[in-house]
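Structure first, then comments.
The values are calculated or read from the model by the stated rules, or taken from the named source; none is laboratory data. What you see is a predicted model; the values in this text were computed from it and never measured. We place every Cβ from the backbone using ideal geometry, glycine too, and count neighbours over all the protein chains shown.
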Amino acid sequence: MTDAPIGIFDSGVGGLTVARAVSQLLPRESILYIGDTAHSPYGPKPIADVRRYGLEVLDTLVDQGVKMLVIACNTASAALLRDARERYDVPVVEVIGPAVRTAISTTRNGRIGVIGTAGTIGSGVYQDMLGVNERLSVFAQACPRFVDFVEAGVTDNTDVLRVAEEYLEPLRHAGVDTVVLGCTHYPFLEGAISYVMGPDVSLVSSDTETAKDVYRQLVSRDLLAGHDARPTHVYEATGDSADDFLRLADRLMGRGVSAVRLVQTGAIDLPKENS
């Protein structure tokens with residue numbers, strides 16, 4: 001199992017930021033990435049649909065022999081983490097917990113902002129996890145158009161800045177000193193977000209924090225790839241065409257993604273809602 005790939009899943013291309021961070025921290029590890037482009041974006045969808053789509057993709061990764069699952073999607077992490085950990089025998093890492101821990105250790109004034117998709121913010125998962133600490137005040141803001149910008153490959157024009165100013169004004173007014181980027185697409189807009197929030201506000205990105213969690217899990221479970229490992233990086237998508245995925249990945253990530261193969265996920269019996 002040590003030479004088996006790490007399975008990384010996102011609703012589209014945003015999770016490539018997590019894949020990149022994992023590769024930088026663990027260069028000997030193989031990666032199998034699936035973007036569920038057939039159902040992207042997850043943010044506006046009902047939570048039951050997100051759970052079904054996500055578990056179908058995770059089943060596909062497990063069937064291909066991964067040694068770990070990384071849910072590189074905040075909306076999916078909020079919707080199906082408990083189901084995934086009960087369903088699979090391999091360790092499951094998600095993107096919310098690592099970012100929460102870093103935000104708590106980063107803030108100076110105890111006022112933390114969280115931005116994410118409508119699904120993530122509506123789930124209340126960040127608010128609940130941060131709210132356990134009584135010294136913290138949490139201010140959440142849905143930023144649905146951010147994903148649209150990233151998926152269109154638009155990350156640095158005046159429209160992005162205008163929308164960022166509109167979304168982030170409540171957080172600026174609240175005086176937050178730390179903002180959690182609660183969507184793996186958002187690091188692509190980090191320049192605009194940082195500009196609007198100002199130099200005194202720290203941004204916490206889930207990609208690098210999740211990669212550190214992956215490292216810890218692999219070490220603690222003795223699953224690190226061997227010194228003679230020959231890592232491979234395989235990218236898959238569930239849509240009808242790989243062209244859009246490739247074009248956007250190339251635009252956002254450089255030449256790190258040269259080929260994408262299409263896969264189909266099978267229907268599953270949806271677990272009952274957790275109480």
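Brief remarks on what is shown
- Conditions (1) part of a helix (DSSP H, G or I); (2) under 16 Å from S23 (Cα atoms); number of the one not met by E166: (2)
- Looking only at segment 90-121, and only at residues there that are hydrophobic (A, V, I, L, M, F, W, C) and assigned to a loop (DSSP other than H, G, I, E, B), the one that is nearest to the chain's Cα centre (by Cα): V95
- Residue in segment 230-245 that is assigned to a loop (DSSP other than H, G, I, E, B) and within 25 Å of V100 (Cβ to Cβ) present: no
The rows are residues; the columns are (1) at pLDDT below 90; (2) more than 21 Å from the chain's Cα centre (by Cα); (3) hydroxyl-bearing (S, T, Y); (4) closer than 26 Å to A152 by Cα.
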residue	(1), (2), (3), (4)
P199	no, yes, no, no
S205	no, no, yes, yes
R216	no, no, no, no
R221	no, yes, no, no
L224	no, yes, no, no
G239	yes, no, no, yes
D243	yes, yes, no, yes
R247	yes, no, no, yes
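- Restricting attention to segment 49-89, the residues that are free of Cβ contacts under 8 Å to residues at least 40 places away in the same chain, buried (at least 17 other Cβ atoms within 10 Å of the Cβ) and over 17 Å from the mean Cα position of the chain (by Cα) add up to 1.
- Total residues in segment 7-43 satisfying the condition of being more than 15 Å from the chain's Cα centre (by Cα) and buried (at least 24 other Cβ atoms within 10 Å of the Cβ): the figure is 1.
- Meets criteria (closer than 23 Å to V125 by Cα, more than 16 Å from the chain's Cα centre (by Cα) and modelled with pLDDT under 95) for P46: yes
Okay, residues lined up against (1) over 18 Å from S206 (Cβ atoms); (2) within 17 Å of the chain's Cα centre (by Cα):
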{"position": "D159", "(1), (2)": "yes, no"}
{"position": "E165", "(1), (2)": "yes, no"}
{"position": "A174", "(1), (2)": "yes, no"}
{"position": "D177", "(1), (2)": "yes, no"}
{"position": "F188", "(1), (2)": "no, yes"}
{"position": "G191", "(1), (2)": "no, no"}
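- Any pair with Cβ under 9 angstrom, 6 or more apart, that starts in segment 211-229 at a residue that is among the basic types (K, R) and ends at one that is surrounded by fewer than 19 Cβ atoms within 10 Å (Cβ to Cβ): K212/L25; R221/P91
- Here the condition is being in contact with a Phe, Trp or Tyr (Cβ under 8 Å, 6 or more places away or on another chain) and within 30 Å of N109 (Cβ to Cβ); of T178, T155, T184, T210, it holds for T155 alone.
- Selection count, segment 75-102, where residues are of a type in the set (G, A, S), in contact with a strand residue (DSSP E or B) (Cβ under 8 Å, 6 or more places away or on another chain) and farther than 16 Å from V62 by Cα: 3
- Single unsatisfied condition, G175 versus (1) small (G, A, S); (2) surrounded by 15 or more Cβ atoms within 10 Å (Cβ to Cβ); (3) modelled with pLDDT of 95 or more: (2)
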